[in-house]
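Some notes on the structure that comes next.
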Amino acid sequence: AQQEVKQEPIMVDAIALVGEFDKNKLSANEKYKDKLVQTTGYIKNISNTATGSYYLSLNPNNDQYYFGTTIACYFEKKDELTSLVNGQSVIVQGTMQEMTLGFVAMKDCKIIK
């Protein structure tokens, strides 16, 4: 059986990541979409969707009045999320998706720290 190549994550600062999508969504999609990305953000919200996915909404900085683009990290299980609190800094890794309505989505996320 062919061994699956472990993809090295693209390490990127959340402010830079969000900034690239804000500046040019098309080029940011080309650069990041379907790639494994690791970034650090500040938890704005811990919740679940109507379809039963669990997600963290992350701000790129720790300004509680930040109103720009956020990062939505989707998780399969809630185990990793139950001990977290809003405002906490977390390092997440996930596969980049498209940017939609004010947030950049990442799927298959996991908490690195």
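The values are calculated or read from the model by the stated rules, or taken from the named source; none is laboratory data. For clarity, every value in this text was computed on a predicted model and none was experimentally measured. Here the Cβ positions follow ideal geometry from the backbone for every residue, glycine too, while neighbour counts run over all protein chains shown. Calculation scope for accessible area: heavy atoms of the full protein, side chains included, ligands and nucleic acids excluded. Shrake-Rupley method; radii C 1.70, N 1.55, O 1.52, S 1.80 Å.
Values for this structure:
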| read-out | value |
| --- | --- |
| Looking only at region 68-102, and only at residues there that are in a strand (DSSP E or B) and at pLDDT below 95, the one that is farthest from Gln7 (Cα to Cα) | Thr100 |
| Matching entry among Tyr42, Tyr32, Tyr55, Tyr65 (being open to solvent by 40 Å² or more (accessible area, probe 1.4 Å), among the hydroxyl-bearing types (Ser, Thr, Tyr) and closer than 15 Å to Ala105 by Cβ) | Tyr55 |
| Cβ pairs under 6 Å, 6+ apart, first in region 6-26 and in contact (Cβ under 8 Å) with a residue 24 or more places away in the chain, second open to solvent by 70 Å² or more (accessible area, probe 1.4 Å) | Ile10/Lys35 |
| Single residue of region 1-29 satisfying the filter (open to solvent by 40 Å² or more (accessible area, probe 1.4 Å) and in a helix (DSSP H, G or I)) that is nearest to Lys78 (Cα to Cα) | Ile15 |
